[in-house]
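J.: Okay, handing you the structure first.
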Amino acid sequence: SIILSSSKAMMKLLVISIVGILAAKYPRNDPILPPGALKHMSRLSNIVLLPCLIIKSLGGTINFSLLLRIGILTLFCFMINSISFLICDVIGYRIHGEENGDRNSELFIAIKVAVGNGNAIGLPILVMQILCQDNLINADFNHDSDKCYEEASSMIFVYMIVWFIMFWGYSFPTLQRLKQREILGDGGESHSANIPANKVISSGGAVQQPKTVSDFMGRFADSQFYLSAKKVIVSPAIIAVMVALFIGLIPALQYQFFS
């Protein structure tokens, strides 16, 4: 049954996770995967391996027909993340009340970000790779586990577009503000800490724009919208998705790269 196949996939994933946890924790004084190595492996995965996987899976599978079928996933992503954030706010209101400062505590905000932008990329990729090896799951693909996985991962990467926009647009700036609050201390934010770097303070204390930059461009360059959009645009995963779509939606290019 589907439930049995899913349970088997989660058990395999659990075993893989336990191996990783043990390698990162033991031996206690000199773990096999020290924190420094984990950081570099994470960067390697996000900057090199994930974009390569996106281009291979999405670029070799996507076409206009498939894109029309799975494009609705972008709307689902927006709805799921928005509902998750809303549920956290409602629960926080019910627990702490409107006046209680605990709803603005670091722990509550961090939990809200984790719930609203859950792991929608790495974990599903592993799960689908395991599921597509099951004959019950890949039966719709003529028992071709590779084709099953490529189409499933294409769905994940299309879903990921809105996930990245919401993460860099809301979740990451929220975590940055928490970090700033931790550094400055509650109520310790100075006036100068809120002044963007491209503004100067006159002798009278008034904030002025540099004469070489227009007021509008200066404000726009410091706006959260610009900073978030920049994060999304230069993200290796988003660049890989755009490249994959460009290749996949042009049959001649797709044939040359993946035939």
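Every read-out reported here was derived from the displayed coordinates using simple, explicitly stated rules and does not represent laboratory data. These numbers were taken from a predicted model, which means no experiment stands behind them. No Cβ is skipped: glycine too gets one built from the backbone with ideal geometry, and neighbour counts run over all protein chains shown.
J.: Using a Förster distance of 45 angstrom, determine the FRET efficiency expected from the C-beta separation of L86 and I32, and round it to 0.05.
T.: 0.60
J.: If R₀ is 41 angstrom, what is the calculated FRET efficiency for the pair I2 and L178, using the beta carbon separation as r and rounding to 0.05?
T.: Computed FRET efficiency for I2 and L178: 0.55.
J.: Still on this structure: Under a plain spin-label model, where a point goes 7 Å from the Cα along Cα-to-Cβ, how far apart in nm are F78 and S259?
T.: Going from the F78 label point to the S259 one covers 3.8 nm.
J.: Quick check for you: which residues of segment 70-94 have the amide N under 19 Å from the point 7 Å beyond the Cα of L107 toward its beta carbon?
T.: Taking a point 7 Å out along Cα→Cβ of L107, the residues of segment 70-94 whose backbone N falls under 19 Å are 88-94.
J.: I'd like the Karplus ³J(HN,Hα) series for segment 47-62: coefficients 6.51, -1.76, 1.60, θ = phi - 60°, whole numbers in Hz, and an x wherever there's a Gly or Pro.
T.: 8, 10, 5, 4, x, 5, 5, 4, 5, 5, 6, 6, x, x, 10, 5
J.: Next question. Listed here are the pairs K8/K56; K39/K112; K56/K179; K39/K231; which of them are more than 30 Å apart at the Cα?
T.: K56/K179
J.: Further, regarding this structure: Could you give each residue of segment 8-25 its phi-based ³J(HN,Hα) in whole Hz, using Karplus coefficients 6.51, -1.76, 1.60 with θ = phi - 60°, and x for Gly or Pro?
T.: Values, residue by residue: 5, 5, 5, 5, 4, 5, 4, 4, 4, 5, 4, 4, x, 5, 5, 5, 7, 9 Hz.
J.: Right, here's the next one. Which order, highest average first, do 50-59, 24-33, 123-132, 148-157 follow once you tally other Cβ atoms within 10 Å for each residue and take the mean per peptide?
T.: Ranked from most to least packed, the peptides come out as 148-157, 50-59, 123-132, 24-33.
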